[in-house]
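Encoded as structure tokens, the structure appears first; notes follow it.
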Amino acid sequence: MKNRRKETRKVLKTRNLKGRKFGNLVVLQKHKQSRNGGASWICKCVCGRETIVNGYDLVSGKKTTCSACNYGKYCFFPEYVECKLPTGMRFVIDRTDYPLVSHYKWVANRAGYFLASTGQRDEHIFLHRLIMNPPAGLYVDHIDGDKSNCRRSNLRICTKTENNRNVGLTSNNQSGYKGVHWAADRGKWRAEITVDRDHIRIGSFDSAEEAARAYDEYALFCFGEYAKTNKMLGLLPDKELIAV
């Protein structure tokens, strides 16, 4: 091990690292030459920041990214970037959003959303809002319901009402289907939906599955692209929806 370190330092005394790439860092120019023959180098990270790194740390692989990006481990793929946080939580973004996102130290809250400090006291920014930059008063919806999928193709700006429509089963659901509950007075399964604060009874059915299909049909008619149906949630097999 000691011999390897000596060989590495010996090589560094004569090697010009300018233009070389080490992980996410590209060497721009030499910063300072030390008395023992080593040197520090000015490098540019893929996030756009410049940082000064010891030559030995570059060649040995000890340093492959800037300090800000090092908080979360970023893995680059052809069309997207995956970030793994120290807690083990992960999120994905488009490659084009990496320079914007990598400036922050992200954490996940209890609800599963990713947020970071803005530098101002008690002020935070959510990852999906940073990417989409919605106007004041509007929301950003995760189309597939996956809060870790923050690619632009999975995000859309919407109103609070539209955002609330794209939700799954509630914690107190007992039927196993969205918009369906047991109507003891009728002895049947009832499908219901709320549209603009109006509570609508769609109908009563012999089976919970029939009621769920009726709910899906009505939800698609009322909510369009913002409808979160039982079929989308994987609760119904692939069959044609029944007519309401």
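The values are calculated or read from the model by the stated rules, or taken from the named source; none is laboratory data. What you see is a predicted model, and the numbers here were worked out from it, not measured in a lab. Here the Cβ positions follow ideal geometry from the backbone for every residue, glycine too, while neighbour counts run over all protein chains shown.
Structure above, values below:
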quantity	calculated
Hits in segment 55-91 (condition: surrounded by fewer than 18 Cβ atoms within 10 Å (Cβ to Cβ) and assigned to a strand (DSSP E or B))	K73, C75, F76, E82, K84, R90
Residue match in segment 51-71 (condition: over 17 Å from the mean Cα position of the chain (by Cα), farther than 26 Å from I157 by Cα, among the basic types (K, R) and not assigned by TED's automatic domain parsing to the domain that holds L155)	yes
Residue count for segment 38-57, restricted to those that are closer than 19 Å to S102 by Cα and modelled with pLDDT under 85	5
Scope segment 81-92; condition within 25 Å of E50 (Cβ to Cβ) and either touching a residue at least 24 places away in the same chain (Cβ under 8 Å) or touching a strand residue (DSSP E or B) at 6+ places or on another chain (Cβ under 6 Å) (or both); matching residues	V81, E82, C83, K84
Residue in segment 124-149 that is farthest from the chain's Cα centre (by Cα), counting only those that are on the phi < 0 side of the Ramachandran plot, assigned to a loop (DSSP other than H, G, I, E, B) and not aliphatic (A, V, I, L, M)	P135
Subset of segment 93-110 [surrounded by fewer than 17 Cβ atoms within 10 Å (Cβ to Cβ), in contact (Cβ under 8 Å) with a residue 12 or more places away in the chain, out of contact with any helix residue (DSSP H, G or I) (no Cβ under 7 Å at 6 or more places or on another chain) and assigned to a loop (DSSP other than H, G, I, E, B)]	H103
Close pairs from segment 187-199: first under 20 Å from N173 (Cβ atoms) and assigned by TED's automatic domain parsing to the domain that holds Y215, partner part of a strand (DSSP E or B) and among the aromatic types (F, W, Y), Cβ under 9 Å, at least 6 apart	K188/W182; K188/F205; W189/W182; W189/F205; R190/W182; R190/F205; A191/F205
Some residue of segment 179-186 being under 30 Å from G112 (Cα atoms) and touching a residue at least 12 places away in the same chain (Cβ under 8 Å)	yes
Scan of segment 183-198 for residues that are surrounded by 14 or more Cβ atoms within 10 Å (Cβ to Cβ) and of a type outside the set (D, E, K, R), ordered by number	A183, W189, A191, I193, V195
Flag if G145 is surrounded by fewer than 17 Cβ atoms within 10 Å (Cβ to Cβ), touching a Lys or Arg at 6+ places or on another chain (Cβ under 6 Å) and under 29 Å from K231 (Cα atoms)	no
All positions within segment 111-140 that are β-branched (V, I, T), in contact with a helix residue (DSSP H, G or I) (Cβ under 8 Å, 6 or more places away or on another chain) and under 26 Å from T65 (Cβ atoms)	I131
Contacts under 6 angstrom Cβ, first residue in segment 114-133 being in the same structural domain as V101 (by TED's automatic domain parsing) and within 22 Å of E82 (Cβ to Cβ), partner part of a helix (DSSP H, G or I) and of a type outside the set (F, W, Y), 6 or more apart	F114/L127; I131/D97
Members of segment 84-102 found to be aromatic (F, W, Y) and on the phi > 0 side of the Ramachandran plot, listed by number	none
Subset of segment 150-182 [surrounded by fewer than 18 Cβ atoms within 10 Å (Cβ to Cβ), assigned to a strand (DSSP E or B) and outside the structural domain of R201 (by TED's automatic domain parsing)]	I157
